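Chemist: Encoded as C-alpha coordinates, here's the structure I'll be asking about.
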Amino acid sequence: MSSLRSITLATLTKDIRLEWRSRDAINSMLFFSLLVVVIFSFSFDPNAEESREIAGGLIWVAFLFAAVVALNQTWARELRNQVLDAYRVSPAPANALFLAKALGNFILVSVLEALMAPLFMIFYNLRALGPAWQLIPVAILGTWALVVNGTFFAAMSLRTRSREIMLPLLLFPISIPAVQSMVEATRIILAGDASARFWIVLLLTYDVVFTTACLALFETILQAE
Amino acid sequence: MKRALTILAVFTALLLAYAFYEAIWVAPMERTMGDVQRIFYYHVPSAWTAFLLFTVNLVASVVYLIERSPKADAVALVSAEVGVVFCTVVLVTGPIWARPVWGIWWTWDLRLTLTLVLWLIYVSYLVLRRFSDSSQTPKLAAVLAIFGALDVPLVYFSIWFFRTQHPQPVIGGGGSIDPRMLHVLLMNWLAFSCFAVVVCWWRYRLEMLQRAVDEAESLESLMGVPQ
(Lines give C-alpha, C1' and ligand atoms only; values in the text may rest on other atoms or scores of the structure.)
Protein backbone atom coordinates (compact mmCIF):
# COMPACT_ATOMS: atom_id res chain seq x y z
CA MET A 1 0.00 0.00 0.00
CA SER A 2 2.75 2.40 0.94
CA SER A 3 4.60 1.59 -2.29
CA LEU A 4 1.40 2.30 -4.23
CA ARG A 5 1.12 5.68 -2.53
CA SER A 6 4.78 6.64 -2.84
CA ILE A 7 4.98 5.61 -6.52
CA THR A 8 1.74 7.43 -7.31
CA LEU A 9 3.03 10.55 -5.57
CA ALA A 10 6.43 10.36 -7.24
CA THR A 11 4.96 10.00 -10.74
CA LEU A 12 2.37 12.70 -10.07
CA THR A 13 4.90 15.23 -8.78
CA LYS A 14 7.20 14.46 -11.71
CA ASP A 15 4.38 15.08 -14.20
CA ILE A 16 3.23 18.25 -12.49
CA ARG A 17 6.77 19.58 -12.29
CA LEU A 18 7.30 18.90 -15.99
CA GLU A 19 4.01 20.58 -16.84
CA TRP A 20 4.80 23.54 -14.56
CA ARG A 21 8.13 24.11 -16.33
CA SER A 22 6.80 23.91 -19.88
CA ARG A 23 3.08 24.79 -19.41
CA ASP A 24 2.49 23.37 -22.90
CA ALA A 25 -0.69 21.43 -22.20
CA ILE A 26 -2.41 23.98 -19.98
CA ASN A 27 -1.70 26.87 -22.34
CA SER A 28 -3.00 25.05 -25.39
CA MET A 29 -6.09 23.90 -23.48
CA LEU A 30 -6.80 27.40 -22.19
CA PHE A 31 -6.48 28.94 -25.62
CA PHE A 32 -8.53 26.15 -27.17
CA SER A 33 -11.43 26.52 -24.74
CA LEU A 34 -11.28 30.30 -25.09
CA LEU A 35 -11.73 29.84 -28.84
CA VAL A 36 -14.66 27.50 -28.23
CA VAL A 37 -16.33 30.05 -25.94
CA VAL A 38 -15.94 32.82 -28.49
CA ILE A 39 -17.11 30.70 -31.44
CA PHE A 40 -20.12 29.37 -29.54
CA SER A 41 -21.13 32.82 -28.48
CA PHE A 42 -20.97 34.04 -32.12
CA SER A 43 -22.92 31.00 -33.34
CA PHE A 44 -25.77 31.27 -30.84
CA ASP A 45 -25.77 34.90 -29.68
CA PRO A 46 -28.04 34.09 -26.73
CA ASN A 47 -29.82 36.43 -24.31
CA ALA A 48 -29.54 35.89 -20.54
CA GLU A 49 -32.56 33.58 -20.32
CA GLU A 50 -31.50 31.36 -23.21
CA SER A 51 -27.89 31.21 -22.09
CA ARG A 52 -29.00 29.82 -18.74
CA GLU A 53 -30.61 26.96 -20.67
CA ILE A 54 -27.72 26.21 -23.02
CA ALA A 55 -24.68 27.25 -20.92
CA GLY A 56 -24.41 23.85 -19.20
CA GLY A 57 -24.03 22.16 -22.56
CA LEU A 58 -21.59 24.75 -23.91
CA ILE A 59 -19.34 24.70 -20.84
CA TRP A 60 -19.07 20.94 -20.67
CA VAL A 61 -18.62 20.41 -24.39
CA ALA A 62 -15.81 23.00 -24.33
CA PHE A 63 -14.16 21.26 -21.35
CA LEU A 64 -14.64 17.84 -22.94
CA PHE A 65 -12.85 18.90 -26.12
CA ALA A 66 -10.12 20.67 -24.15
CA ALA A 67 -9.66 17.62 -21.93
CA VAL A 68 -9.05 15.46 -25.01
CA VAL A 69 -6.09 17.74 -25.83
CA ALA A 70 -4.57 16.99 -22.43
CA LEU A 71 -5.49 13.32 -22.43
CA ASN A 72 -3.81 12.72 -25.77
CA GLN A 73 -0.54 14.04 -24.27
CA THR A 74 -0.79 11.80 -21.19
CA TRP A 75 1.30 8.88 -22.34
CA ALA A 76 3.32 10.51 -25.13
CA ARG A 77 6.03 11.54 -22.66
CA GLU A 78 6.40 7.96 -21.41
CA LEU A 79 6.74 6.51 -24.91
CA ARG A 80 9.90 8.50 -25.61
CA ASN A 81 13.02 6.74 -24.30
CA GLN A 82 10.93 3.61 -23.62
CA VAL A 83 9.87 4.75 -20.15
CA LEU A 84 6.70 2.66 -20.41
CA ASP A 85 8.71 -0.47 -21.20
CA ALA A 86 10.91 0.18 -18.19
CA TYR A 87 7.80 0.58 -16.08
CA ARG A 88 6.42 -2.71 -17.38
CA VAL A 89 9.45 -4.71 -16.25
CA SER A 90 9.72 -2.94 -12.89
CA PRO A 91 7.90 -4.46 -9.88
CA ALA A 92 5.91 -1.23 -9.32
CA PRO A 93 2.12 -1.75 -9.29
CA ALA A 94 0.48 -0.78 -12.58
CA ASN A 95 -2.36 0.99 -10.79
CA ALA A 96 0.06 3.45 -9.20
CA LEU A 97 0.99 4.66 -12.67
CA PHE A 98 -2.65 4.84 -13.72
CA LEU A 99 -3.73 6.75 -10.60
CA ALA A 100 -0.85 9.21 -10.99
CA LYS A 101 -1.76 9.89 -14.63
CA ALA A 102 -5.48 10.19 -13.88
CA LEU A 103 -4.86 12.52 -10.93
CA GLY A 104 -2.45 14.60 -13.02
CA ASN A 105 -5.08 15.01 -15.73
CA PHE A 106 -7.69 15.76 -13.09
CA ILE A 107 -5.58 18.58 -11.66
CA LEU A 108 -4.86 19.93 -15.14
CA VAL A 109 -8.51 19.97 -16.22
CA SER A 110 -9.62 21.38 -12.84
CA VAL A 111 -7.18 24.28 -13.18
CA LEU A 112 -8.55 24.88 -16.66
CA GLU A 113 -12.11 24.88 -15.34
CA ALA A 114 -11.26 27.23 -12.48
CA LEU A 115 -9.74 29.69 -14.94
CA MET A 116 -12.40 29.37 -17.65
CA ALA A 117 -15.57 29.32 -15.53
CA PRO A 118 -15.39 33.04 -14.60
CA LEU A 119 -14.88 33.86 -18.28
CA PHE A 120 -18.01 31.88 -19.16
CA MET A 121 -19.93 33.74 -16.47
CA ILE A 122 -18.86 37.06 -17.97
CA PHE A 123 -19.37 36.23 -21.65
CA TYR A 124 -22.79 34.65 -21.17
CA ASN A 125 -24.03 36.90 -18.33
CA LEU A 126 -24.66 33.88 -16.13
CA ARG A 127 -26.01 33.98 -12.61
CA ALA A 128 -27.10 30.79 -10.88
CA LEU A 129 -30.74 30.88 -9.74
CA GLY A 130 -30.38 27.57 -7.89
CA PRO A 131 -27.90 26.63 -5.14
CA ALA A 132 -24.59 27.58 -6.78
CA TRP A 133 -22.42 25.58 -4.35
CA GLN A 134 -23.78 22.40 -5.97
CA LEU A 135 -21.79 23.28 -9.08
CA ILE A 136 -18.64 22.32 -7.16
CA PRO A 137 -19.53 18.62 -6.64
CA VAL A 138 -20.84 18.51 -10.22
CA ALA A 139 -17.52 19.90 -11.49
CA ILE A 140 -15.41 17.54 -9.37
CA LEU A 141 -17.40 14.40 -10.18
CA GLY A 142 -17.80 15.37 -13.84
CA THR A 143 -14.12 16.10 -14.34
CA TRP A 144 -13.14 12.82 -12.72
CA ALA A 145 -15.66 10.98 -14.93
CA LEU A 146 -13.99 12.43 -18.04
CA VAL A 147 -10.37 11.95 -17.01
CA VAL A 148 -10.57 8.49 -15.47
CA ASN A 149 -11.93 6.92 -18.66
CA GLY A 150 -9.92 9.31 -20.81
CA THR A 151 -6.63 8.28 -19.21
CA PHE A 152 -7.58 4.62 -19.60
CA PHE A 153 -8.60 4.91 -23.24
CA ALA A 154 -5.52 6.99 -24.02
CA ALA A 155 -3.46 4.05 -22.77
CA MET A 156 -5.56 1.73 -24.94
CA SER A 157 -5.13 3.81 -28.06
CA LEU A 158 -1.33 3.77 -27.67
CA ARG A 159 -1.38 0.46 -29.51
CA THR A 160 -3.42 1.68 -32.46
CA ARG A 161 -2.70 3.48 -35.66
CA SER A 162 -3.52 7.24 -35.65
CA ARG A 163 -3.97 7.21 -31.90
CA GLU A 164 -4.83 10.92 -31.60
CA ILE A 165 -8.11 10.35 -33.40
CA MET A 166 -8.80 7.02 -31.65
CA LEU A 167 -9.15 8.56 -28.18
CA PRO A 168 -12.31 10.61 -28.81
CA LEU A 169 -13.82 7.77 -30.84
CA LEU A 170 -13.50 5.46 -27.84
CA LEU A 171 -14.13 8.01 -25.11
CA PHE A 172 -17.19 9.87 -26.37
CA PRO A 173 -19.67 6.96 -26.74
CA ILE A 174 -18.86 5.65 -23.26
CA SER A 175 -19.05 9.17 -21.79
CA ILE A 176 -22.56 9.90 -23.04
CA PRO A 177 -24.32 9.29 -19.67
CA ALA A 178 -21.65 11.26 -17.79
CA VAL A 179 -21.85 14.22 -20.16
CA GLN A 180 -25.63 14.18 -20.03
CA SER A 181 -25.54 14.16 -16.22
CA MET A 182 -23.09 17.07 -16.03
CA VAL A 183 -25.00 19.13 -18.56
CA GLU A 184 -28.39 18.48 -16.97
CA ALA A 185 -27.13 19.11 -13.42
CA THR A 186 -25.51 22.39 -14.49
CA ARG A 187 -28.60 23.49 -16.40
CA ILE A 188 -30.90 22.71 -13.46
CA ILE A 189 -28.64 24.55 -10.99
CA LEU A 190 -28.33 27.60 -13.25
CA ALA A 191 -32.07 27.72 -13.96
CA GLY A 192 -32.94 26.80 -10.36
CA ASP A 193 -36.17 25.01 -11.36
CA ALA A 194 -35.67 21.58 -9.77
CA SER A 195 -33.27 19.49 -7.72
CA ALA A 196 -30.09 18.26 -9.37
CA ARG A 197 -29.72 15.41 -6.88
CA PHE A 198 -30.54 12.59 -9.29
CA TRP A 199 -27.86 13.72 -11.74
CA ILE A 200 -25.21 14.12 -9.04
CA VAL A 201 -25.96 10.62 -7.74
CA LEU A 202 -25.80 9.25 -11.31
CA LEU A 203 -22.43 10.96 -11.84
CA LEU A 204 -21.17 9.50 -8.57
CA THR A 205 -22.32 6.02 -9.68
CA TYR A 206 -20.61 6.49 -13.04
CA ASP A 207 -17.38 7.51 -11.26
CA VAL A 208 -17.45 4.56 -8.87
CA VAL A 209 -18.27 2.01 -11.60
CA PHE A 210 -15.64 3.16 -14.06
CA THR A 211 -12.90 3.88 -11.51
CA THR A 212 -13.30 0.31 -10.32
CA ALA A 213 -13.29 -1.03 -13.88
CA CYS A 214 -10.19 1.00 -14.80
CA LEU A 215 -8.26 -0.15 -11.74
CA ALA A 216 -9.28 -3.75 -12.33
CA LEU A 217 -8.33 -3.79 -16.02
CA PHE A 218 -5.40 -1.37 -16.30
CA GLU A 219 -2.82 -4.06 -15.62
CA THR A 220 -4.14 -5.98 -18.68
CA ILE A 221 -3.85 -2.88 -20.86
CA LEU A 222 -0.38 -1.94 -19.63
CA GLN A 223 0.99 -5.41 -20.29
CA ALA A 224 -0.60 -5.59 -23.75
CA GLU A 225 2.28 -5.29 -26.20
CA MET B 1 -19.54 -29.24 -39.80
CA LYS B 2 -19.84 -27.79 -43.24
CA ARG B 3 -22.81 -30.02 -44.02
CA ALA B 4 -24.62 -28.93 -40.87
CA LEU B 5 -24.08 -25.34 -41.90
CA THR B 6 -25.48 -25.95 -45.39
CA ILE B 7 -28.54 -27.70 -43.99
CA LEU B 8 -29.10 -24.86 -41.54
CA ALA B 9 -28.70 -22.31 -44.35
CA VAL B 10 -31.33 -24.06 -46.51
CA PHE B 11 -33.67 -24.34 -43.54
CA THR B 12 -33.18 -20.64 -42.77
CA ALA B 13 -33.92 -19.64 -46.35
CA LEU B 14 -37.20 -21.58 -46.26
CA LEU B 15 -38.08 -20.16 -42.87
CA LEU B 16 -37.35 -16.60 -43.99
CA ALA B 17 -39.54 -17.09 -47.08
CA TYR B 18 -42.38 -18.49 -44.97
CA ALA B 19 -42.03 -15.69 -42.38
CA PHE B 20 -42.09 -13.12 -45.18
CA TYR B 21 -45.28 -14.66 -46.58
CA GLU B 22 -46.85 -14.61 -43.11
CA ALA B 23 -45.84 -11.03 -42.42
CA ILE B 24 -47.07 -9.63 -45.74
CA TRP B 25 -50.19 -11.72 -46.50
CA VAL B 26 -51.31 -13.67 -43.45
CA ALA B 27 -50.95 -11.21 -40.59
CA PRO B 28 -54.10 -9.12 -40.08
CA MET B 29 -54.05 -5.45 -41.10
CA GLU B 30 -53.56 -3.09 -38.18
CA ARG B 31 -56.68 -0.96 -37.74
CA THR B 32 -55.20 2.54 -37.37
CA MET B 33 -51.75 2.25 -38.93
CA GLY B 34 -52.53 0.10 -41.95
CA ASP B 35 -49.89 -1.69 -43.94
CA VAL B 36 -46.98 0.35 -42.61
CA GLN B 37 -47.37 -1.54 -39.36
CA ARG B 38 -46.00 -4.66 -41.08
CA ILE B 39 -42.48 -3.25 -40.74
CA PHE B 40 -42.93 -4.23 -37.10
CA TYR B 41 -42.26 -7.86 -38.12
CA TYR B 42 -38.78 -6.86 -39.26
CA HIS B 43 -38.03 -4.11 -36.78
CA VAL B 44 -38.70 -5.98 -33.55
CA PRO B 45 -37.05 -9.33 -34.47
CA SER B 46 -33.96 -7.41 -35.66
CA ALA B 47 -33.80 -5.57 -32.35
CA TRP B 48 -34.10 -8.76 -30.32
CA THR B 49 -31.46 -10.46 -32.46
CA ALA B 50 -29.10 -7.48 -32.15
CA PHE B 51 -29.42 -7.40 -28.35
CA LEU B 52 -28.88 -11.16 -28.24
CA LEU B 53 -25.70 -10.81 -30.32
CA PHE B 54 -24.39 -7.99 -28.12
CA THR B 55 -24.93 -10.24 -25.09
CA VAL B 56 -23.00 -13.00 -26.87
CA ASN B 57 -20.25 -10.46 -27.52
CA LEU B 58 -20.01 -9.56 -23.83
CA VAL B 59 -19.92 -13.21 -22.71
CA ALA B 60 -17.28 -14.06 -25.33
CA SER B 61 -15.18 -11.05 -24.28
CA VAL B 62 -15.24 -12.06 -20.62
CA VAL B 63 -14.38 -15.65 -21.58
CA TYR B 64 -11.51 -14.34 -23.69
CA LEU B 65 -10.08 -12.28 -20.81
CA ILE B 66 -10.22 -15.30 -18.51
CA GLU B 67 -9.10 -18.06 -20.85
CA ARG B 68 -7.29 -16.17 -23.64
CA SER B 69 -8.80 -18.52 -26.21
CA PRO B 70 -8.66 -17.23 -29.81
CA LYS B 71 -12.01 -18.89 -30.52
CA ALA B 72 -13.76 -16.74 -27.91
CA ASP B 73 -12.19 -13.68 -29.52
CA ALA B 74 -13.42 -14.70 -32.97
CA VAL B 75 -16.93 -15.21 -31.55
CA ALA B 76 -16.78 -11.74 -29.95
CA LEU B 77 -15.69 -10.13 -33.22
CA VAL B 78 -18.31 -11.93 -35.30
CA SER B 79 -21.19 -11.25 -32.92
CA ALA B 80 -20.29 -7.55 -32.74
CA GLU B 81 -20.14 -7.25 -36.54
CA VAL B 82 -23.43 -9.02 -37.19
CA GLY B 83 -25.00 -7.26 -34.18
CA VAL B 84 -24.12 -3.85 -35.62
CA VAL B 85 -25.75 -4.85 -38.92
CA PHE B 86 -28.97 -5.89 -37.19
CA CYS B 87 -28.89 -2.78 -35.01
CA THR B 88 -28.54 -0.68 -38.17
CA VAL B 89 -31.64 -2.41 -39.58
CA VAL B 90 -33.48 -1.43 -36.39
CA LEU B 91 -32.36 2.18 -36.62
CA VAL B 92 -33.34 2.41 -40.30
CA THR B 93 -36.72 0.66 -40.13
CA GLY B 94 -37.71 2.61 -37.00
CA PRO B 95 -37.86 6.06 -38.64
CA ILE B 96 -39.54 4.63 -41.77
CA TRP B 97 -42.38 3.50 -39.51
CA ALA B 98 -42.31 6.54 -37.23
CA ARG B 99 -42.69 9.12 -39.99
CA PRO B 100 -46.26 8.14 -41.05
CA VAL B 101 -47.37 7.01 -37.57
CA TRP B 102 -45.87 9.59 -35.20
CA GLY B 103 -45.41 12.27 -37.86
CA ILE B 104 -41.71 12.56 -37.00
CA TRP B 105 -38.65 10.61 -38.05
CA TRP B 106 -36.96 10.55 -34.70
CA THR B 107 -37.60 11.32 -31.06
CA TRP B 108 -35.20 11.14 -28.13
CA ASP B 109 -37.29 8.48 -26.48
CA LEU B 110 -35.81 5.95 -24.05
CA ARG B 111 -35.67 2.95 -26.36
CA LEU B 112 -34.58 4.88 -29.44
CA THR B 113 -31.79 6.66 -27.62
CA LEU B 114 -30.59 3.51 -25.89
CA THR B 115 -30.44 1.65 -29.22
CA LEU B 116 -28.56 4.53 -30.83
CA VAL B 117 -26.02 4.71 -27.98
CA LEU B 118 -25.57 0.94 -28.12
CA TRP B 119 -24.94 1.20 -31.85
CA LEU B 120 -22.37 3.97 -31.25
CA ILE B 121 -20.56 1.91 -28.60
CA TYR B 122 -20.34 -1.13 -30.85
CA VAL B 123 -19.24 0.89 -33.87
CA SER B 124 -16.43 2.31 -31.73
CA TYR B 125 -15.61 -1.29 -30.76
CA LEU B 126 -15.31 -2.24 -34.44
CA VAL B 127 -13.27 0.90 -35.18
CA LEU B 128 -10.85 -0.07 -32.41
CA ARG B 129 -10.50 -3.55 -33.88
CA ARG B 130 -9.88 -2.10 -37.32
CA PHE B 131 -7.31 0.47 -36.20
CA SER B 132 -5.36 -1.73 -33.86
CA ASP B 133 -3.15 -4.12 -35.76
CA SER B 134 -0.96 -5.53 -33.03
CA SER B 135 -1.45 -9.04 -31.67
CA GLN B 136 -3.02 -7.39 -28.62
CA THR B 137 -6.20 -6.31 -30.44
CA PRO B 138 -8.34 -9.07 -28.82
CA LYS B 139 -7.33 -7.98 -25.34
CA LEU B 140 -8.07 -4.29 -25.98
CA ALA B 141 -11.36 -5.12 -27.68
CA ALA B 142 -12.47 -7.39 -24.83
CA VAL B 143 -11.75 -4.64 -22.30
CA LEU B 144 -13.71 -2.13 -24.37
CA ALA B 145 -16.65 -4.56 -24.63
CA ILE B 146 -16.77 -4.76 -20.83
CA PHE B 147 -16.69 -0.95 -20.55
CA GLY B 148 -19.53 -0.73 -23.06
CA ALA B 149 -21.62 -3.21 -21.10
CA LEU B 150 -21.04 -1.28 -17.86
CA ASP B 151 -22.19 1.85 -19.65
CA VAL B 152 -25.56 0.47 -20.75
CA PRO B 153 -27.38 0.60 -17.37
CA LEU B 154 -26.05 4.13 -16.77
CA VAL B 155 -27.29 5.26 -20.17
CA TYR B 156 -30.63 3.62 -19.39
CA PHE B 157 -31.06 5.51 -16.11
CA SER B 158 -29.92 8.83 -17.53
CA ILE B 159 -32.43 8.67 -20.39
CA TRP B 160 -35.16 7.21 -18.22
CA PHE B 161 -34.96 10.17 -15.85
CA PHE B 162 -34.57 12.65 -18.69
CA ARG B 163 -37.66 11.23 -20.38
CA THR B 164 -39.83 11.36 -17.29
CA GLN B 165 -38.77 15.00 -16.98
CA HIS B 166 -39.70 15.83 -20.57
CA PRO B 167 -42.63 13.75 -21.83
CA GLN B 168 -42.24 12.70 -25.45
CA PRO B 169 -44.84 11.86 -28.10
CA VAL B 170 -46.84 8.84 -27.01
CA ILE B 171 -45.53 5.56 -28.33
CA GLY B 172 -47.55 2.41 -28.72
CA GLY B 173 -46.35 1.04 -25.40
CA GLY B 174 -48.49 -1.18 -23.19
CA GLY B 175 -51.59 -2.42 -24.97
CA SER B 176 -52.26 -5.94 -26.09
CA ILE B 177 -51.36 -7.62 -29.35
CA ASP B 178 -53.54 -9.80 -31.58
CA PRO B 179 -52.46 -13.46 -31.09
CA ARG B 180 -52.17 -13.90 -34.88
CA MET B 181 -49.78 -10.92 -35.00
CA LEU B 182 -47.80 -12.35 -32.11
CA HIS B 183 -47.49 -15.64 -33.98
CA VAL B 184 -46.15 -13.89 -37.08
CA LEU B 185 -43.77 -11.86 -34.93
CA LEU B 186 -42.35 -14.92 -33.22
CA MET B 187 -42.06 -16.74 -36.55
CA ASN B 188 -40.08 -13.81 -37.93
CA TRP B 189 -37.92 -13.69 -34.85
CA LEU B 190 -37.11 -17.39 -35.25
CA ALA B 191 -36.26 -16.84 -38.91
CA PHE B 192 -34.06 -13.84 -38.16
CA SER B 193 -32.28 -15.60 -35.32
CA CYS B 194 -31.52 -18.55 -37.60
CA PHE B 195 -30.34 -16.11 -40.23
CA ALA B 196 -28.04 -14.44 -37.67
CA VAL B 197 -26.66 -17.83 -36.61
CA VAL B 198 -25.95 -18.77 -40.24
CA VAL B 199 -24.21 -15.48 -40.99
CA CYS B 200 -22.20 -15.61 -37.74
CA TRP B 201 -21.21 -19.19 -38.37
CA TRP B 202 -20.03 -18.41 -41.87
CA ARG B 203 -18.20 -15.31 -40.77
CA TYR B 204 -16.59 -17.28 -37.94
CA ARG B 205 -15.28 -19.89 -40.39
CA LEU B 206 -13.98 -17.12 -42.63
CA GLU B 207 -12.27 -15.39 -39.70
CA MET B 208 -10.60 -18.61 -38.54
CA LEU B 209 -9.46 -19.36 -42.11
CA GLN B 210 -8.11 -15.83 -42.47
CA ARG B 211 -6.17 -16.19 -39.24
CA ALA B 212 -4.74 -19.53 -40.35
CA VAL B 213 -3.66 -17.95 -43.66
CA ASP B 214 -2.07 -14.97 -41.87
CA GLU B 215 -0.24 -17.30 -39.52
CA ALA B 216 1.03 -19.48 -42.37
CA GLU B 217 2.20 -16.41 -44.26
CA SER B 218 4.14 -14.96 -41.35
CA LEU B 219 5.61 -18.38 -40.60
CA GLU B 220 6.69 -18.69 -44.20
CA SER B 221 8.40 -15.31 -44.20
CA LEU B 222 10.16 -16.24 -40.94
CA MET B 223 11.45 -19.46 -42.47
CA GLY B 224 12.98 -17.43 -45.29
CA VAL B 225 11.64 -18.79 -48.53
CA PRO B 226 14.44 -18.91 -51.17
CA GLN B 227 14.07 -16.27 -53.86
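Chemist: If you build a Gaussian network model of chain B, linking Cα atoms that sit under 10 Å apart, which residue out of B:Leu154, B:Leu128, B:Leu110 swings the most?
Modeler: Most flexible of the set in this elastic network: B:Leu154.
Chemist: Could you work out the helix-only [θ] at 222 nm for chain A, with each DSSP H run of four or more residues adding -39,500 (n - 2.57) and the total divided by the number of residues, to the nearest 500 deg cm²/dmol?
Modeler: Mean residue ellipticity at 222 nm (helix-derived): -29000 deg cm²/dmol.
Chemist: Output the 0 to 90 degree angle, nearest 10, between the alpha-carbon long axis of helix A:197-223 and the longest principal axis computed from the alpha carbons of chain A.
Modeler: Tilt relative to chain A: about 20 degrees.
Chemist: Work out the length of the dipole vector of the protein assembly as shown about its Cα centre, built from +1 on the beta-carbon of each Lys and Arg and -1 on the beta-carbon of each Asp and Glu, and round it to the nearest 20 debye.
Modeler: That gives the protein assembly as shown a dipole magnitude of about 420 debye.
Chemist: Hey, another quick one. Pairs of alpha-carbon atoms within less than 8 angstrom and 6+ residues apart define the contacts here; what relative contact order does segment B:1-130 have, in percent?
Modeler: Dividing the mean separation by the residue count of segment B:1-130 yields 22 percent.
Chemist: So what J values fall out for segment A:91-98 if you push phi through Karplus, 6.51 cos²θ - 1.76 cosθ + 1.60 with θ = phi - 60°, rounded to Hz, Gly and Pro as x?
Modeler: Once θ is set to phi - 60°, the couplings for segment A:91-98 become x, 5, x, 4, 5, 4, 5, 4 Hz.
Chemist: Taking chain A as the reference, fit the longest principal axis to its C-alpha atoms, fit the long axis of helix A:163-191 to the helix C-alpha atoms, and give the angle between the two in degrees, 0 to 90, nearest 10.
Modeler: Computed tilt is about 40 degrees.
Chemist: If I fit a long axis through the Cα atoms of helix B:2-21 and take the longest principal axis of the Cα atoms of chain B, what angle between them do I get, 0 to 90°, rounded to 10?
Modeler: The helix B:2-21 is inclined about 20 degrees to chain B.
Chemist: With a Cα-only, solvent-free Debye model of segment B:44-120, what are the log10 I(q)/I(0) values at q = 0.23 Å⁻¹?
Modeler: -0.97
Chemist: Cα to Cα, under 24 Å, and not fewer than 8 places away if on the same chain: which lysines meet these conditions relative to A:Lys101?
Modeler: A:Lys14, B:Lys139
Chemist: Could you go through segment B:22-30 in sequence order and give the Karplus-derived ³J(HN,Hα) for each residue, using 6.51 cos²θ - 1.76 cosθ + 1.60 with θ = phi - 60°, rounded to whole Hz, and x for Gly and Pro?
Modeler: Residue by residue, segment B:22-30 yields 4, 5, 8, 10, 8, 4, x, 6, 6 Hz.
Chemist: Can you sort B:Val36, B:Val213 by 1.4 Å-probe accessible area, starting with the largest?
Modeler: B:Val213, B:Val36
Chemist: Looking at segment B:33-133, which chymotrypsin sites (Phe, Trp or Tyr not before Pro) are in a loop (DSSP not H, G, I, E or B) and have at most 13 other Cβ atoms within 10 Å?
Modeler: Passing both the DSSP loop test and the Cβ count: B:Trp105, B:Trp108.
Chemist: Step through the residues of segment B:66-83 one at a time and calculate ³J(HN,Hα) from phi using the Karplus curve (6.51 cos²θ - 1.76 cosθ + 1.60, θ = phi - 60°), rounding each to whole Hz and writing x for Gly and Pro.
Modeler: With the stated coefficients, segment B:66-83 comes to 7, 9, 6, 8, x, 5, 4, 5, 5, 4, 4, 4, 5, 5, 5, 4, 5, x Hz.
Chemist: What accessible surface, in Å², does a 1.4 Å probe find on A:Ser110, ignoring ligands, DNA and RNA and rounding to the nearest 10?
Modeler: 40
Chemist: Moving on. For segment A:1-150, what is the convex hull volume of its Cα atoms per residue in Å³?
Modeler: Spelled out: Cα convex hull of segment A:1-150, divided by residues, is 112 Å³.
Chemist: Further, regarding this structure: How high is the relative contact order of chain A, in percent, with contacts defined as C-alpha pairs under 8 Å that are six or more residues apart?
Modeler: About 28 percent, as a whole number.
Chemist: Counting alpha carbon pairs within less than 8 Å and at least 6 residues apart, what relative contact order, in whole percent, applies to chain B?
Modeler: Reported as a whole number, the value is 33 percent.
Chemist: On alpha-carbon atoms, Rg over Rh for chain B using Kirkwood Rh?
Modeler: Expressed as Rg/Rh, it is 1.05.
Chemist: Against the 2.2 N^0.38 Å scaling, with N counting residues, where does segment B:178-227 land? I'd like the Cα-based Rg ratio to two decimal places.
Modeler: Compactness ratio reported: 2.21.
Chemist: Okay, helix-only estimate at 222 nm for chain B: each DSSP H run of n ≥ 4 adds -39500 (n - 2.57), divide by all residues, round to 500 deg cm²/dmol; what do you get?
Modeler: -28000 deg cm²/dmol
Chemist: Against the globular-protein guess of 2.2 N^0.38 Å, express the Cα radius of gyration of segment A:112-225 as a ratio, rounded to two decimals.
Modeler: 1.23
Chemist: Per residue and in Å³, how big is the convex hull formed by the alpha-carbon atoms of the protein assembly as shown?
Modeler: Spread over its residues, the Cα hull of the protein assembly as shown gives 196 Å³ apiece.
The values are calculated or read from the model by the stated rules, or taken from the named source; none is laboratory data. The model shown is predicted, which means the values in this text are computed figures rather than measured ones. Every residue, glycine as well, gets a Cβ built from its backbone with ideal geometry; the counts of neighbours run over all protein chains shown. Surface areas here come from the heavy atoms of the whole protein model, side chains and all, with no ligands, DNA or RNA. Shrake-Rupley method; radii C 1.70, N 1.55, O 1.52, S 1.80 Å.
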